[in-house]
Ligand SMILES: *Cc1c(COP(=O)(O)O)cnc(C)c1O
């Protein structure tokens, strides 16, 4: 039984959410942090007696508010986070209320069909083979892991080794080739799968793109199972590896080509930037995020492979009593068994935007990143990268000055952007990935950065 009328506690959450979102355009992006206040508000000896759900929500809102970052709003430039589209957020709430388990179709027929539908929509939008297999996971970290598990199965099966049965002990060595700018989570995925560190690291150019000639030279030295990990969307520069040329280099070999395209793969939806990921469809697997550029709430990543049998062999838990037949079993395509039905939020995001809306979202973010970079350039700030996507790197003289500017930008609260090191130089890292950011927001953020630079 509900302890309070359900509408009371959900209404209370709705009111708090509305207050948060309605005020997000005006509030400082990052609260003035008082960790002690948060610890006192949230932390106390757990009482023996329970509390009315409405009071619990009131208490949570009061206690957590001083530590909630405005990353859902239009002026957050940190990491690559995206916000939450209205329809996706509401669908996500319903997903919680429905509390469906996405492991097996029989546990949520609607979840299974929604997952099939969004799989098709995503393959279509990202211009990937319609026959590819899709799993909805927590993020690109697990999408990389899932895809590389499929790769591990496939390349070892190719030399007669059943890795699911025998493990890696005594297995033929798998060469794992990455670009010098591979994302840290991809390296973690290789570790999780028992590969350890990459066997070959291919140099990257000044934008962070893998050098395909160097890849060709590396592949010529490999005689045995191999996995090549390329990238679409460098987290600093936004640059994409030359996937077409990389696919050419892999073609004469039996190497599995994986693309970590957490946000960069979405360039495919924008006619002005589609060329950045030309050749992507020729890969064997792709990892991307829905919670970054598609702006669905956390968490949602997408693992896609061109080899459904390898994907399923690597992931399926496959006990006989679990075989359910007509409906998709999500657990066949993801590392998890019990799992939130992430497809409802993705379905709502895609349906609310439509094809043109997805394309506009991606294109707009790129134009706004370029606009901020242009404003900074006009004010005499150095931009270290070619702004080809939604990422820009700003440098303010030397390392110490740049770090001081980063700190002032962050404490001023008009926007939030992180510091990074690019080719040995400190920089302010700017990422535009929120659906609600406008030109006025971009100008306001550029002005805040220029003010922090005291130019
Ligand atoms: C963000 C990102 C990841 C990790 O994604 P999560 O969603 O945080 O798991 C992996 N690769 C690239 C290129 C990224 O930008």
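The values are calculated or read from the model by the stated rules, or taken from the named source; none is laboratory data. Since the model is a prediction, treat every value here as computed from it, not as a measurement. Cβ: placed from backbone, ideal geometry, glycine included. Neighbour counts: every protein chain shown.
Every residue in region 299-320 that is surrounded by fewer than 18 Cβ atoms within 10 Å (Cβ to Cβ) and within 16 Å of the ligand (Cβ to nearest atom), please.
If the condition is that a residue be surrounded by fewer than 18 Cβ atoms within 10 Å (Cβ to Cβ) and within 16 Å of the ligand (Cβ to nearest atom), then 299 is the only one that fits.
Is region 337-348 home to any residue that is under 22 Å from residue 130 (Cα atoms), free of Cβ contacts under 8 Å to residues at least 12 places away in the same chain and surrounded by 15 or more Cβ atoms within 10 Å (Cβ to Cβ)?
Looking for residues that are under 22 Å from residue 130 (Cα atoms), free of Cβ contacts under 8 Å to residues at least 12 places away in the same chain and surrounded by 15 or more Cβ atoms within 10 Å (Cβ to Cβ), one finds none in region 337-348, hence no.
Can you confirm whether residue 115 is assigned to a loop (DSSP other than H, G, I, E, B), in contact with a helix residue (DSSP H, G or I) (Cβ under 9 Å, 6 or more places away or on another chain) and under 29 Å from residue 305 (Cα atoms)?
Details: assigned to a loop (DSSP other than H, G, I, E, B): no; in contact with a helix residue (DSSP H, G or I) (Cβ under 9 Å, 6 or more places away or on another chain): yes; under 29 Å from residue 305 (Cα atoms): yes.
No, not satisfied.
When residue 386 is evaluated against the numbered criteria (1) part of a strand (DSSP E or B); (2) touching a residue at least 60 places away in the same chain (Cβ under 8 Å), which criterion, by number, is the only one it fails?
Residue 386 satisfies every listed condition except (1).
What residue, among those in region 389-404 that are assigned to a loop (DSSP other than H, G, I, E, B) and without any contact (Cβ under 8 Å) to a residue 60 or more places away in the chain, is nearest to residue 452 (Cα to Cα)?
396
Out of (1) within 16 Å of the ligand (Cβ to nearest atom); (2) closer than 29 Å to residue 345 by Cβ; (3) touching a strand residue (DSSP E or B) at 6+ places or on another chain (Cβ under 7 Å); (4) not in a loop (DSSP other than H, G, I, E, B), what's the single condition that is false for residue 236?
(4)
For region 416-449, give me each residue that is assigned to a strand (DSSP E or B) and within 14 Å of residue 75 (Cα to Cα).
Restricting attention to region 416-449, the residues satisfying the condition of being assigned to a strand (DSSP E or B) are 416, 418-422, 425-431.
Once the filter is applied, which keeps residues that are assigned to a strand (DSSP E or B) and within 14 Å of residue 75 (Cα to Cα), region 416-449 yields 416, 418, 429, 430, 431.
Within region 267-283, is even one residue surrounded by 24 or more Cβ atoms within 10 Å (Cβ to Cβ), touching a helix residue (DSSP H, G or I) at 6+ places or on another chain (Cβ under 7 Å) and under 17 Å from residue 186 (Cα atoms)?
The answer is yes, given that some residue of region 267-283 is surrounded by 24 or more Cβ atoms within 10 Å (Cβ to Cβ), touching a helix residue (DSSP H, G or I) at 6+ places or on another chain (Cβ under 7 Å) and under 17 Å from residue 186 (Cα atoms).
Give 337, 262 a once-over and let me know the one that is over 18 Å from the mean Cα position of the chain (by Cα) and not in a helix (DSSP H, G or I).
Only one candidate passes the filter, namely 337.
Can you tell me which residue among 222, 246 is within 16 Å of the ligand (Cβ to nearest atom) and either in a loop (DSSP other than H, G, I, E, B) or surrounded by 23 or more Cβ atoms within 10 Å (Cβ to Cβ) (or both)?
246
Residue by residue through region 58-91, note down the ones that are in contact with a strand residue (DSSP E or B) (Cβ under 9 Å, 6 or more places away or on another chain) and away from the ligand (no atom under 16 Å from the Cβ).
The answer is 70, 75.
Could we say that residue 289 is more than 26 Å from residue 347 (Cα to Cα) and modelled with pLDDT of 95 or more here?
Taking the combined requirement at face value, the residue does not satisfy it.
Residues being part of a helix (DSSP H, G or I) and within 16 Å of the ligand (Cβ to nearest atom): count how many of those fall in region 268-298.
4
Run residue 129 past the list (1) away from the ligand (no atom under 16 Å from the Cβ); (2) closer than 21 Å to residue 309 by Cα; (3) not in a loop (DSSP other than H, G, I, E, B) and report the number of the one that doesn't hold.
Looking at each condition in turn, residue 129 falls short on (3).
For residues in region 100-158 being touching a strand residue (DSSP E or B) at 6+ places or on another chain (Cβ under 7 Å) and more than 15 Å from residue 302 (Cα to Cα), which is surrounded by the fewest Cβ atoms within 10 Å (Cβ to Cβ)?
Looking at the filtered set, the residue picked out is 107.
Given the residues 214, 188, which is the only one that is surrounded by fewer than 23 Cβ atoms within 10 Å (Cβ to Cβ), in a helix (DSSP H, G or I) and within 16 Å of the ligand (Cβ to nearest atom)?
Every option except 188 fails the conditions.
Is it fair to say residue 143 is within 18 Å of the chain's Cα centre (by Cα) and away from the ligand (no atom under 16 Å from the Cβ)? Steps first, please.
Numbers: within 18 Å of the chain's Cα centre (by Cα): yes; away from the ligand (no atom under 16 Å from the Cβ): no.
When the stated conditions are applied, residue 143 does not pass them.
Do the conditions hold for residue 206, that is, is it without any contact (Cβ under 8 Å) to a residue 12 or more places away in the chain, more than 16 Å from the ligand (Cβ to nearest atom) and not in a helix (DSSP H, G or I)? Break it down into steps so the answer makes sense when it comes.
On the way: without any contact (Cβ under 8 Å) to a residue 12 or more places away in the chain: no; more than 16 Å from the ligand (Cβ to nearest atom): yes; not in a helix (DSSP H, G or I): yes.
When the stated conditions are applied, residue 206 does not pass them.
Any idea how many residues of region 405-455 are buried (at least 18 other Cβ atoms within 10 Å of the Cβ), closer than 19 Å to residue 366 by Cα and without any contact (Cβ under 8 Å) to a residue 60 or more places away in the chain?
Number satisfying all stated conditions: 1.
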